[in-house]
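Chemist: Pasting a structure below so you can have a look.
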Amino acid sequence: MSQAPQEHDRLKGQEESSQQGQEQQRRLRNSVGRMLLDHYFRLACIGIACISVVVLVFLIGSIITQGVPSLSWTLLSGTPEPEPSEAGAWPAIAGTIWVCTICALITLPIGIGTAVLIEEFKPRSRWANRIFSVIQLNISNLAGVPSVVYGILGLTAFVSMFGLVGSLKRGESSFEIGAIYYDQFTNLASDPFMSMGVEDAKERYFLAPVISPSDPPTVAKSGMEMFEYQGDQKIPVKIEVLDPFGELPSDPDALSLAIAADTVPGRISEKSWYYFSLPFGRGVLAGSLTLMLVILPVIIISSQEALRSVPSSLRDGARGLGATPWQVVWNITLPAAAPGILTGSILAMSRAIGETAPILIIAGIVYIRNAPQHLMDSYTVLPLQIYNWTSRPQEEFHAIAAAGIVVLLIILLSFNAIAVILRQRMQNKVR
Amino acid sequence: MNTSTLETTTKRIMNQVAPQPIAEDDSTDVSEATQFAIEANNLNAWYGEFQALHEISLEIPKNQVTAFIGPSGCGKSTLLRWFNRMNDTIFSAHATGNLRLGEIDLLDKSTDVVDLRRRVGIVFQKANPFPKSIFENVAFGPRLHMQLDKSELSDLVEWSLRKAAVWEEVKDRLNAPALGLSGGQQQRLCIARAIATGPEVLLMDEPCSALDPASTLAIEDLMDELRDQYTIVIVTHNMQQASRCSDKTAFFFEGRVVEFGTTEKIFTKPSSQKTEDYVRGRFG
């Protein structure tokens, strides 16, 4: 920077000496002014670059100084307890990983496939051409739509499916697989109003299987076989139905198997990992599909750019050897475009990880204690959890929120690092 | 592996993929036709409204080198690209008349272009090796069309690279990227790639225009060697090249064949004034 005045003086000197030049040189444009402009333009570029670097360093520095002290194992593995010292973000971290992985698995094939269709299989007829250009225009426009709009679209299209396929209420969905329903009975000992005479019996819960979720509540009878969880295993047990105001058995074991005649069971369900239902409800799948809407245009456009940058001489070469259009795409064009496609996909996925607005609409702010277990499970994501913490009045939560941001950044950067390594590998194989 | 075994292996592979020989009994009128690899009769071709070729009638003789010369934009490359239907991707391109490769009608929309392009290889002006290894480049065509085991494939690759006179330079780095080769080596690799599928006809679209004199010479020597087995059609802007390495020459001007004859005749005593002006370098 300190060189600038000296440089200026030197060039000024040149300018004066050249003005004393001969008449015919007057017709040439003076190069000194242009060189000075070039010099200052370079300085301006360096300055602007410095500003952005300084802002970035300040941002990262402030996040790290605030967030790193509250980084702890509890934060990574714990549940979002209301007590700041016990609060953790594991459900949110798991939710982010679930949603983004499923979103990538759905979006990448669709996005790359669309780009290949538009770029490599251009239609011959005029009408098909018109349809293609309308699609192209739409994709470009959709890339600029605010993500909250996609959230509302996802709410209608994926969460409730326009109300076309049953309702969201339990047992009223039109299609369900992987769920078993039970009626849960409590024994006498766990009845809060039955403390007299049952002190020695332990509290137990019995499950009666229900065939259809819309069946009426099971009526318990003496000698009926129900299931009970002992550890992880479901053990069949025989229950007794007693009049709670009559005579109770004195043996605590027998007493613990007894349920009151007027007990009303609660309907519960057990869902396996492949649980699936229509409509999707406010689950992981609906969130992933909504994020897909947000990033699909970005992935399509960047994949198109990558495919367009593959020289057509490569396509000609493969076609000249007798490759079919599909063989050209699969063996030549896609591998050559892969680094570019991957770069676009990284950027799009980074956006998906940080996206808050559509998830806020789809999932809402809910208190989630567990990582998602299946595609329809309710979930939360890290940005939502961070937003939740920052909006609380306690100062401690703000520090935890900063730590959450650090975690989010680490997930984001590791996601990007994997993709960068993949891309590097692909390019090394080629060059 | 020595060269003669390579030759036999490859011949065996090539015979398996070659089209069935024509039946003996209709050989009477075929014998005359088989002297020509490609026959064009009154061929007109358009790009949209623009007519690129006017009433082209010529026969490309078998196992000879035929050169197409003429100023830029005269339709040489267009005709060449009709020979293996590379024009299919240009939607506005269409043609009328008659164009045959042996028994195949080249203008018929239902012609199997995949098999056609196996039988009619093409080498482009700019070397365009795939961004893969040298071996993969040559193996690309055979993998598309043939079912070969590993040793057969590597024999075929070696044979093709030897045929294209590039084997000695690349034999120690078959797994290195093809883009690391020099321009001349890349072009010879592309020729090896084209002959690996066992074509009958080899089309060359100005194969030497981007090469230095030494590489050009190597490729001309190569054409001289390949002419026994292949019918070669070369488009060139280089008069010396056409006169050096071709048997027959066609002079194109504004979409028409002005003159077609033996190279010697075209270059020494052409019958048309236009041809004479062109080969003497007075225009174009």
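Chemist: Determine the share of the stretch A:278-328's accessible area contributed by carbon and sulfur atoms, expressed in whole percent, with a 1.4 angstrom probe.
Modeler: Details: 970 of 1470 Å².
The computed percentage sits at 66.
Chemist: Projected onto the charge dipole of chain B (+1 at Lys/Arg Cβ, -1 at Asp/Glu Cβ, origin at the Cα centre), which of B:65, B:37, B:236 gives the Cα projection farthest towards the positive end?
Modeler: B:236
Chemist: Sticking with this one: Report the semi-axes of the equivalent ellipsoid for the stretch A:288-429 in whole Å, largest first, where each axis is √(5λ) for an eigenvalue λ of the Cα gyration tensor.
Modeler: Numbers: eigenvalues 338, 53, 28 Å².
Ellipsoid semi-axes (Å, largest first): 41, 16, 12.
Chemist: Per residue and in Å³, how big is the convex hull formed by the alpha-carbon atoms of the stretch B:97-226?
Modeler: Considering the Cα atoms of the stretch B:97-226, their hull volume per residue is 122 Å³.
Chemist: Within the stretch A:175-275, what whole-number % of the accessible surface is contributed by carbon and sulfur, with the 1.4 Å probe and all protein chains included in the calculation?
Modeler: The value for the stretch A:175-275 is 56 percent carbon and sulfur by accessible area.
Chemist: Follow-up question, since we're still on this one. What does the buried accessible surface come to for B and A, summed over both chains, with the probe at 1.4 Å? Round to 100 Å².
Modeler: Answer for the B-A pair: about 1900 Å² buried.
Chemist: Based on a Kirkwood Rh over C-alpha pairs, give the Stokes-Einstein translational diffusion coefficient of the stretch A:368-431 at 20 °C and viscosity 1.002 mPa s in µm²/s.
Modeler: 149
Chemist: Given a cut-off of 41 Å, what percent of all Cα-Cα pairs of the protein assembly as shown lie beyond it?
Modeler: Value for the protein assembly as shown: 58 percent of Cα pairs lie more than 41 Å apart.
Chemist: I've got another one for you. Which ³J(HN,Hα) values, rounded to whole Hz and listed in residue order, are derived for the stretch A:207-214 from phi using the Karplus coefficients 6.51, -1.76 and 1.60 in 6.51 cos²θ - 1.76 cosθ + 1.60 with θ = phi - 60°, glycine and proline given as x?
Modeler: 10, 10, x, 10, 6, 10, x, 9
Chemist: Moving on. How many percent of the accessible area of chain B is carbon or sulfur, using a 1.4 Å probe?
Modeler: After summing per-atom areas, the C and S share lands at 48 percent.
Chemist: Considering Cα pairs under 8 angstrom that are at least six residues apart, work out the relative contact order of chain A and quote it in whole percent.
Modeler: Details: 600 pairs, mean separation 100.5, N = 431.
In percent, rounded to a whole number, it is 23.
Chemist: Run the numbers on chain B and let me know its relative contact order in percent, using alpha-carbon pairs under 8 Å that are six or more apart. Please report the intermediate quantities before stating the final value.
Modeler: Details: 500 pairs, mean separation 71.3, N = 284.
Reported relative contact order: 25 percent.
Chemist: I'd like the per residue volume of the convex hull spanned by the Cα atoms of the stretch A:175-275, given in cubic angstrom.
Modeler: Value for the stretch A:175-275: 105 Å³ per residue.
Chemist: Hey, another quick one. Using all alpha carbons of the stretch B:154-265, what is the percent of pairwise distances in each 10 Å bin, ordered from the shortest bin to the longest?
Modeler: Using 10 Å bins, I get a P(r) of 13, 44, 30, 10, 3 for the stretch B:154-265.
Chemist: May I pose another question? Cα-based Rg of chain B per 2.2 N^0.38 Å, rounded to two decimals?
Modeler: Cα Rg divided by the expected 2.2 N^0.38 Å: 1.01.
Chemist: In the stretch B:77-109, what residues drop by 30 Å² or more of accessible area when the other protein chains are put back, versus the chain on its own? Use 1.4 Å, and skip ligands and nucleic acids.
Modeler: B:86, B:89, B:91
Chemist: Please list the non-local residues whose amide H lies under 5 Å from the amide H of residue B:204, H modeled 1.01 Å from N, same-chain partners needing a gap of 5 or more.
Modeler: So residue B:204 has HN proximity to B:123, B:233, B:234, B:235.
Chemist: Something else: How far is helix B:150-163 tilted, in degrees, relative to the longest principal axis of the Cα atoms in chain B, given as a value from 0 to 90 rounded to the nearest 10?
Modeler: 50
Chemist: Evaluate the charge dipole of the protein assembly as shown about its Cα centre and quote only its size in Debye, nearest 20, assuming +1 on the Cβ of each Lys and Arg and -1 on the Cβ of each Asp and Glu. Don't skip to the end; give the middle numbers.
Modeler: Numbers: 61 positive and 74 negative charges, 573 e Å.
Once rounded to the nearest 20, the dipole reads 2760 debye.
Chemist: Kirkwood hydrodynamic radius, the stretch A:249-313, all distinct C-alpha pairs: what's the number in Å?
Modeler: Values: mean 1/r = 0.0549 Å⁻¹.
Computed over Cα pairs of the stretch A:249-313, the Kirkwood hydrodynamic radius comes out at 18.2 Å.
Chemist: Ignoring solvent entirely, what values of log10 I(q)/I(0) come out of the Debye formula for the stretch A:20-138 at 0.12, 0.22 Å⁻¹ when each Cα is a single scatterer?
Modeler: Debye curve over Cα of the stretch A:20-138, log10 I(q)/I(0) at q = 0.12, 0.22 Å⁻¹: -0.88, -1.19.
Chemist: Tell me the accessible surface of residue B:94 in square angstrom (1.4 angstrom probe, heavy atoms of protein chains only), to the nearest ten.
Modeler: Taking all protein chains as shown, residue B:94 has close to 80 Å².
Chemist: Between the alpha-carbon centers of the stretch A:295-327 and the stretch B:148-210, tell me the distance in whole angstrom.
Modeler: Their Cα centres are 24 Å away from one another.
Chemist: What is the antiparallel percent of DSSP beta bridges lying wholly in the stretch A:199-345, to the nearest 5?
Modeler: 70
Chemist: Quick one: accessible area per residue over the protein assembly as shown, 1.4 Å probe, rounded to a whole number of Å²?
Modeler: About 52 Å² of surface per residue is accessible.
Chemist: Report the calculated FRET efficiency for residue B:280 and residue B:221 (r = Cβ-Cβ distance, R0 = 22 Å), to the nearest 0.05.
Modeler: Once the sixth-power term is evaluated, E becomes 0.25.
Chemist: Right, something else. Residue by residue through the stretch A:31-38, what is 3J(HN,Hα) from phi via Karplus (6.51 cos²θ - 1.76 cosθ + 1.60, θ = phi - 60°)? Round to whole Hz and write x for glycine and proline.
Modeler: Each residue's phi maps through the Karplus curve to give 7, 5, x, 5, 5, 4, 4, 4 Hz.
Chemist: List for the stretch A:298-330: residues with 10 Å² or greater reduction in accessible area, all protein chains versus chain alone, probe 1.4 Å?
Modeler: Buried on complex formation: A:313, A:314, A:316, A:317, A:318, A:319, A:320, A:321, A:322, A:323, A:324, A:327.
Chemist: Here's another thing I want to ask about it. Checking the table B:11/B:126; A:221/A:271; B:132/B:163; B:126/B:163; B:76/B:126 against a 23 Å threshold on Cα-Cα, which pairs fail?
Modeler: Going by Cα-Cα distance, B:11/B:126; A:221/A:271 fall outside the 23 Å limit.
Chemist: Show the residues, 5+ positions off or on another chain, whose built amide H is closer than 5 Å to the amide H of residue B:52.
Modeler: Excluding prolines and chain starts, which carry no amide H, the hits are B:45, B:46, B:47.
Chemist: Separate question: Tell me, which residues of the stretch B:165-197 get at least 30 Å² less accessible area when the other protein chains come in, versus the chain alone (1.4 Å probe)?
Modeler: Residues losing area: B:177.
The values are calculated or read from the model by the stated rules, or taken from the named source; none is laboratory data. Since the model is a prediction, treat every value here as computed from it, not as a measurement. As a convention, Cβ positions derive from the backbone with ideal geometry for all residues, glycine included, and neighbour counts pool all protein chains shown. SASA here: full protein model, heavy atoms, side chains in, ligands and nucleic acids out. Shrake-Rupley method; radii C 1.70, N 1.55, O 1.52, S 1.80 Å.
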